[in-house]
Amino acid sequence: MRRQADGKRAEALAADYLQARGLRLIKRNYRCRLGEIDLMLSDGQVLVFVEVRLRRDPAYGGAAASINAAKRQRILMAARHYLAGKPERACRFDVILLDALAANRIEWIKDAFGE
């Protein structure tokens, strides 16, 4: 139960952090049978899909290591599901990494899934 509550707090912290930097929140916790997207925001004309990862214990590789190929694939499939039937627009996938529930501990990786 604590893990779920911490996840929600991490997502709220990330949403506040990104909004303070000019992004506009569109949706939280988009879910479909294919996957989930933690946050969707707009950065000007760009739709930004955001994965938020909180890992306090670096023993398992930290927050960045928890985003493996299977996780990326689920996020991409959920994004495709969300975009189906909507007008085409530029998109990117960002990641917010936290090792504690504190704004000064946020690492923001823009275009994290880019080539």
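The values are calculated or read from the model by the stated rules, or taken from the named source; none is laboratory data. What you are looking at is a predicted structure, and each value in this text was computed from that prediction instead of being measured. Reconstructed Cβ throughout: ideal geometry from the backbone, glycine too, with neighbour counts over all protein chains shown. Calculation scope for accessible area: heavy atoms of the full protein, side chains included, ligands and nucleic acids excluded. Shrake-Rupley method; radii C 1.70, N 1.55, O 1.52, S 1.80 Å.
Which ones in the range 78-106 are of a type outside the set (G, A, S), free of Cβ contacts under 8 Å to residues at least 60 places away in the same chain and in a loop (DSSP other than H, G, I, E, B)?
Those that are of a type outside the set (G, A, S), free of Cβ contacts under 8 Å to residues at least 60 places away in the same chain and in a loop (DSSP other than H, G, I, E, B): K86, P87, E88, R89, D99.
Please tell me if A100 is over 13 Å from V50 (Cβ atoms), at pLDDT 85 or above and either touching a Pro at 6+ places or on another chain (Cβ under 6 Å) or open to solvent by less than 60 Å² (accessible area, probe 1.4 Å) (or both).
No, not satisfied.
Could you list, in sequence order, all residues of the range 1-43 that are open to solvent by less than 30 Å² (accessible area, probe 1.4 Å) and among the acidic types (D, E)?
The answer is D6, E11, D38.
Out of K71, K27, K86, which single residue is of a type outside the set (S, T, Y) and modelled with pLDDT under 90?
K71
Filter the range 33-56 for residues that are farther than 19 Å from H81 by Cβ and assigned to a loop (DSSP other than H, G, I, E, B) and give the result.
G44, Q45, R55, R56
Checking V46 against (1) at pLDDT below 90; (2) open to solvent by less than 60 Å² (accessible area, probe 1.4 Å); (3) in contact with a Lys or Arg (Cβ under 8 Å, 6 or more places away or on another chain), only one condition comes out false. Which one?
(1)
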